[in-house]
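Just so you know, all these numbers are worked out from the coordinates, no wet-lab data involved. All values derive from a computational prediction rather than experimental measurement. In this analysis, Cβ positions are derived from the backbone assuming ideal geometry, glycine residues included, and neighbour counts consider all displayed protein chains.
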Amino acid sequence: MKRNLNDLLAFVTVAREKSFTKAAAKLGVTQSALSQTMRGLEERLDIRLLTRTTRGVSTTEAGQRLVDAIGYRFDDIQTELDALTALRDKPAGTVRITCGETSLRSILLPKLAPLLEEYPDINIEFDVDLGLVNIVSERFDAGVRLGATLDKDMIAIPIGPALRFVVAASPSYFAKHPPPKSPQELTTHNCINQRMETSGGLYVWDFVKDSQQLNVRVNGQLIFNTVYPQIDAAIAGLGIVLLPEDEIEEPLREGKLVKVLEDWCPTFGGYHLYYPSRRQPSPAFTLVLNALRLK
């Protein structure tokens, strides 16, 4: 039987992307050509590898077995090809990072801008996602999250200073509503909520004072799933927010927002970059890692 590694690579790409459209774009071929390639591969193997529905593409039992058996081998080949850039004058390649919008704007872009200017052959792809992404299965080189608590076989390095969440609202809001003197009083206020992508539930506001910990479920008219609309809404006097202090530093300094309950808002571990311990890092990723590492 004729075996074609390009066909197998195409199959692995379709299986991982779960979409002929996305896989074709990634491979640089047409959807019709890719579909024909998959049909030809299944005919030669005499077994169905993919299940096609109107909602997308999934692997059959045989298809998943094949992905598990050969997928990582293509990854190893790509890693070795990337490693060859170490023999060039300057490293090259693409580094994929999943992160949140806040860490992207406050840490990643400022720290990596000089690196990108010095190494024009290094590309960085950012995927903004508030959920806890499995970077191995989604084929990211690294991810960013608050704190250093991780799954096994992961390495975490600090890339930002300790953070502090603060409670704040506009002077116009507090002119109409007396500022809360305890976290429990927040339940009587119009608070701006955040929907968590990981659980689908609303974020529970956490407070600590003198070893006493409180979890408060707040209510309000507005719910967002990202940070910056919350800031805009708070400045407009639409409610109270709980956000990282560095994110609202400017409106606090300008008097557009006012902090309350400061003695209930301690600092905690900041942003960490995490990546698989067993994966051989490419020269490009090593440079990104060193640029982000907290000095």
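Some notes on this structure:
- Alpha-carbon Rg/Rh ratio, for region 101-183, with Rh computed the Kirkwood way: 1.12
- Efficiency of FRET from Cβ geometry, Met196 and Asp68, R₀ 30 Å, rounded to 0.05: 0.45
- Cβ-derived FRET efficiency at R0 35 Å, Thr94 paired with Val258, nearest 0.05: 0.20
- Region 150-200 and region 233-295 have Cα centres lying 12 Å from one another.
- Rounded to the nearest whole angstrom, the semi-axes of the ellipsoid equivalent to region 5-83, taken from the Cα gyration tensor as √(5λ), stand at 20, 15, 12, largest first.
- Isotropically averaged projected area of region 173-219, using the convex hull of Cα atoms (one quarter of hull area), nm²: 3.9 nm²
- GNM top mover of Gly200, Gly160, Gly28 - the chain, alpha-carbon springs below 10 Å: Gly28
- Val208 versus Gln184: modelled label distance in nm, points set 7 Å from Cα along the beta carbon direction: 2.2 nm
- Proximal lysine pairs, the chain, alpha carbons under 27 Å, eight or more residues apart or interchain: 17
- Modelled label positions at Glu138 and Thr226, each set 7 Å beyond Cα in the direction of Cβ, lie 1.6 nm from each other.
- Within the listed set Ser170, Ser106, Ser35, the residue fluctuating most in the Gaussian network model of the chain (springs between alpha-carbon atoms under 10 angstrom) is Ser35.
- Helix-only CD estimate at 222 nm, as mean residue ellipticity for the chain, using -39500 (n - 2.57) per DSSP H run (n ≥ 4): -10000 deg cm²/dmol
- For the chain, modelled as a GNM whose springs connect Cα atoms under 10 angstrom apart, the maximal fluctuation among Ile77, Ile97, Ile192 occurs at Ile77.
- Scaled against 2.2 N^0.38 Å for its residue count N, the alpha carbon radius of gyration of region 156-295 is 1.23.
- Applying Stokes-Einstein at 37 °C and 0.692 mPa s to the Kirkwood radius of region 148-187, computed over alpha-carbon pairs, gives a translational diffusion coefficient of 232 µm² s⁻¹.
- Potential lengthening of the chain between Ala33 and Ser277 amounts to 84.1 nm, from the contour at 0.36 nm per residue minus the alpha-carbon distance.
- Cut-off 19 Å, label 7 Å out along Cα→Cβ of Arg105, residues of region 172-195 by amide N: 192-195
- Dipole in debye (nearest 20) - region 163-267, about Cα centre, beta carbon charges: Lys, Arg +1; Asp, Glu -1: 360 debye
- Förster radius 35 Å - calculated FRET efficiency between Glu80 and Arg55 (Cβ-Cβ, nearest 0.05): 0.45
- When the chain is reduced to its Cα atoms, the Kirkwood hydrodynamic radius in Å: 22.4 Å
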